[in-house]
Amino acid sequence: MTRRDEFIERMKTQLDEWNAEIEALAERARTASDEAQVRYQDDIERLRRRRDETWRRLEELQYASEAAWDTLQQGLDDAWELLRKALRDAQHREPPQDINDPDDTQQPRSPGGSP
């Protein structure tokens, strides 16, 4: 396996892990209060868009010529960083308290740690 192939495989593995973390956030949203669900949904939609963009750039990189590799890799690096930061922010954001249960102060746990 070439260095390029190894790089792409590592990126695909990381995207799969992040996808699982996005789905864990979606599961957490399903059990949250209505107000928190709205906030989670915004985060989840943003994460899915960033994931799709990162996946598209990875596919471009996979099939790129050697001459285009550097340019496309920079685009992937940028998309990668945006997705990583968005996922970290979504995992660490405290959802709004349920206004029907003011004693509910439990914070959500990070699903799988930070990327």
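General remarks:
- Note on segment 12-28: residues that are of a type in the set (Asp, Glu) and within 13 Å of GLN91 (Cα to Cα) total 3.
- Here ARG84 does not qualify as under 11 Å from the mean Cα position of the chain (by Cα) and modelled with pLDDT of 90 or more.
- Only one entry in LEU87, LEU76 is under 16 Å from ILE8 (Cβ atoms) and assigned to a helix (DSSP H, G or I), namely LEU76.
- Against the list (1) exposed (fewer than 11 other Cβ atoms within 10 Å of the Cβ); (2) among the hydrophobic types (A, V, I, L, M, F, W, C); (3) at pLDDT 85 or above, the condition ALA67 fails is (3).
- With respect to the stated conditions, MET1 is outside any helix (DSSP H, G or I) and more than 10 Å from the chain's Cα centre (by Cα).
- Here ALA26, ALA79 are screened, and the one residue that is surrounded by 13 or more Cβ atoms within 10 Å (Cβ to Cβ), modelled with pLDDT of 85 or more, hydrophobic (A, V, I, L, M, F, W, C) and touching an Asp or Glu at 6+ places or on another chain (Cβ under 9 Å) is ALA79.
- A Cβ distance below 6 Å, combined with a sequence gap of six or more or placement on separate chains, defines the contacts here; from segment 53-72, residues that are under 13 Å from ASP5 (Cα atoms) reach no residue that is surrounded by 13 or more Cβ atoms within 10 Å (Cβ to Cβ) and of a type in the set (Gly, Ala, Ser).
The values are calculated or read from the model by the stated rules, or taken from the named source; none is laboratory data. Fair warning: this is a prediction, and the values are worked out from it, not measured in the lab. All Cβ positions, glycine included, derive from the backbone under ideal geometry; neighbour counts span all protein chains shown.
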